[in-house]
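First up is the structure itself, then whatever we jot down about it.
The values are calculated or read from the model by the stated rules, or taken from the named source; none is laboratory data. Source: prediction; values computed, not measured. Here the Cβ positions follow ideal geometry from the backbone for every residue, glycine too, while neighbour counts run over all protein chains shown. Surface accessibility is based on the protein's heavy atoms, side chains included, excluding ligands, DNA and RNA. Shrake-Rupley method; radii C 1.70, N 1.55, O 1.52, S 1.80 Å.
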Amino acid sequence: MNFSTKMIAAGALAALMAGVSLPQNALALDQKQKDEFGAFIKEYLLANPEIMLEVQEALANKQRAKQQEAAEGAISENKKAIFNSKYDMVLGNPDGDVTVVEFYDYNCGYCKRALTDMEDILTKDKNVRFVLKELPILGPDSLAAHKVSAAFRLVAPEKFGEFHRALLGGEDRATEETAIAVAGKLGVTEKQLRAKMEKEPHDAAVREAYSLANDLGITGTPSYVIGNEAVFGAVGAEEISTKVANMRSCGKTAC
C-alpha cells in the first residue's frame, strides 16, 4: 500500500470510528486501492480488537440517546395518559411531589424482583406518588390476569395494593385462576369479578398501555417514566431514588 492510500485508509477508519460520513470523493478509489484499503482496516482491527468494543459502546450510546429523545417527545404529548390515566392505580402518596410510573407484567420475572424496589422507595420516601400501569405483553395468561386485576381495582380499590403485591410477588404463574384466587383471599369473590369484567372489560386500558409503550419505545418490563425521562429495565431502587431526588432539585432526572 502506498503512502497516499494508507493515509486515506487511516483517515477513513478514524472517521468511521467517530461516526462521521466521508465525502464522496474520498471514497473514489480504484479496485487496487479498495483492496489495499480493506486489507489495512482488517489488519488494524485484528491488531486492536478492543476497538470493536468501543464501536459497540458508541453505537449503543447513540441508540439510547435517540430512543430517549423520542421518549421525551412522547412524554410531552401524552402526559395525562401516562401520569393520570383513569385506568391506573396509585400507591404511596397520591399528592406526592414526584411521580414514578411503572409499566409491568404480572408474569415478568424482572418485575417480580423490582417489586422490592418499589417497596424500598415507598418505605423510605413518603412523598413519592407511584403509578402502576399494567402492560400485559407476556402472553394470554398475562392478559387474563390483567383483566382480573382491572376488575379487582374497580370492586375493591382500597385493597388493590395488597392484591398487586400478592399476585406479582407470588411464585406461581399469574393466570386468570391464580388472580381470582388472590382476590378471593382478600374478600372479593369470583362472581363479583366476573360481573365487573363483563360490565367493564377494560379493553381500552390495554390499548392505551400498548399505545403508550409503542410511543415511548418500551419493548419490555419493567419500564418507568419519571419526569421527562423513560427508564428501561429493572434499574434498581437506588437509581430511581436518585432520579426522584434530581427532579426535586432541578426539575429533571439528571441535574
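Scanning the stretch 132-154 for residues that are surrounded by fewer than 22 Cβ atoms within 10 Å (Cβ to Cβ) and outside any helix (DSSP H, G or I) turns up Leu132, Ile137, Leu138, Gly139. Just one of the numbered conditions (1) open to solvent by 10 Å² or more (accessible area, probe 1.4 Å); (2) out of contact with any helix residue (DSSP H, G or I) (no Cβ under 8 Å at 6 or more places or on another chain); (3) in contact (Cβ under 8 Å) with a residue 24 or more places away in the chain is not true of Lys159: (2). With respect to Asp125, is the statement that it is farther than 17 Å from His202 by Cβ and modelled with pLDDT of 95 or more true? The answer is yes for Asp125. Among residues belonging to the stretch 46-61 that are more than 23 Å from Phe232 (Cβ to Cβ) and assigned to a helix (DSSP H, G or I), point out the one that is most open to solvent (accessible area, probe 1.4 Å). Only one residue tops the list, namely Leu46. Summed over the stretch 84-130, the residues that are buried (at least 17 other Cβ atoms within 10 Å of the Cβ), assigned to a helix (DSSP H, G or I) and of a type in the set (Lys, Arg) give a count of 1.
If the condition is being open to solvent by less than 40 Å² (accessible area, probe 1.4 Å), out of contact with any helix residue (DSSP H, G or I) (no Cβ under 7 Å at 6 or more places or on another chain) and farther than 14 Å from Tyr87 by Cβ, then the stretch 189-224 contributes Ile218, Gly220, Ser223.
The C-beta contact set for the stretch 163-181 (first residue within 16 Å of Pro140 (Cβ to Cβ), second residue open to solvent by 40 Å² or more (accessible area, probe 1.4 Å), distance under 8 angstrom, 6+ apart or interchain) comprises Arg173/Asp141; Ala174/Asp141; Thr175/Asp141; Glu176/Asp141; Glu176/Lys147; Thr178/Asp172; Ile180/Glu190.
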